[in-house]
Amino acid sequence: MRLIDARTSGLKDEAMLRERARGRSAEAGAPFTSRSYSFPFALVAWHSSPVGVDIERVQPCDEAFADSIRTPAERAVGAPQGDPGRFFTSLWSSKEALSKALGDALSYDPRWLEGPGAWPDGRSGPWRAMTLEVGAGHVAWLCWRAHT
């Protein structure tokens with residue numbers, strides 16, 4: 001996996017960042033790749049099994065957004081104290097990375113897809129997940145199918 005930071009890579013705009021990320025994907029030569037962008041960052045992941053990655057800028061989140069992405073069990077748990085914007089942005093990002101790894105991010109309704117953050121030890125069956133440290137203003141997740 002690679003984190004590309006446009007600020008330190010001499011990339012002046014989002015188009016250049018996307019081009020660099022597509023190039024990294026092609027160079028990897030892996031059967032499975034995933035990319036995500038939130039300027040000034042791009043994440044590129046590759047693996048021999050399905051993989052998904054997502055990066056998001058932390059945004060304030062209202063209850064309507066939170067309910068639009070939480071399962072009934074996640075709604076029952078509620079929001080943690082502290083920074084609900086960061087928590088819900090991270091929940092969204094985890095589900096986006098998982099849905100990409102599952103094959104088609106648009107096919108999965110986040111209200112019925114358990115967030116990987118709740119998986120014990122970042123595992124659910126053959127699936128693995130981890131949060132990535134990318135800076136105070138962003139959250140990112142990586143999900144992949146482990147070799148069995």
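Which one, P84, S25, A66, projects farthest toward the positive side of the charge dipole computed for the chain from Cβ point charges (K/R +1, D/E -1)?
So the residue we want is S25.
Enter the angle in degrees (range 0 to 90, nearest 10) between the Cα long axis of helix 84-102 and the first principal axis of the Cα atoms of the chain, meaning the one along which they spread out most.
That helix lies at roughly 60 degrees to the long axis.
To test your reading of the geometry: what angle, between 0 and 90 degrees and rounded to tens, separates the Cα axis of helix 14-28 from the longest principal axis of the chain?
80
For the chain, what is the mean residue ellipticity at 222 nm derived from helices alone (per DSSP H run of n ≥ 4: -39500 (n - 2.57); sum divided by total residues; nearest 500 deg cm²/dmol)?
So the helix-based figure for the chain works out to -10000 deg cm²/dmol.
Counting only protein heavy atoms and a 1.4 Å probe, tell me what percentage of the range 46-101's accessible area is made up of carbon and sulfur.
The C+S portion of the solvent-accessible surface of the range 46-101 is 57 percent.
Rounded, prolate or oblate, given the Cα gyration tensor of the range 1-78, with a/c below 1.5 counting as rounded?
Oblate is the answer for the range 1-78, as a/c is 1.5 or above yet b/c matches or exceeds a/b.
On full extension of the chain, what length is gained from S9 through S48, given 0.36 nm per residue of separation minus the C-alpha to C-alpha distance?
11.3 nm
Kindly write out, for the range 60-70 in residue order, the coupling ³J(HN,Hα) from the Karplus curve 6.51 cos²θ - 1.76 cosθ + 1.60 (θ = phi - 60°), rounded to whole Hz, with x marking Gly and Pro.
x, 10, 8, 4, 5, 5, 4, 5, 6, 10, 9
What ranking do 125-134, 7-16, 39-48, 53-62 get when scored by the average of other Cβ atoms within 10 Å per residue, highest first?
The peptides rank, most packed first, as 39-48, 53-62, 125-134, 7-16.
Note down the magnitude of the dipole of the chain about its Cα centre, charges +1 on Lys and Arg C-beta and -1 on Asp and Glu C-beta and zero elsewhere, to the nearest 20 debye.
Computed charge dipole of the chain: roughly 440 debye.
Using Kirkwood radius over Cα pairs in Å as the read-out, say which of [x] 17.0; [y] 15.7; [z] 21.2 was calculated from these coordinates.
Recomputing Kirkwood radius over Cα pairs in Å here gives the entry labelled [y].
The values are calculated or read from the model by the stated rules, or taken from the named source; none is laboratory data. All values derive from a computational prediction rather than experimental measurement. When we count neighbours, we look across all protein chains shown, and the Cβ atoms used for this are built from the backbone with ideal geometry, even at glycine. In case anyone asks, the SASA skips ligands and DNA or RNA and just uses the protein heavy atoms, side chains included. Shrake-Rupley method; radii C 1.70, N 1.55, O 1.52, S 1.80 Å.
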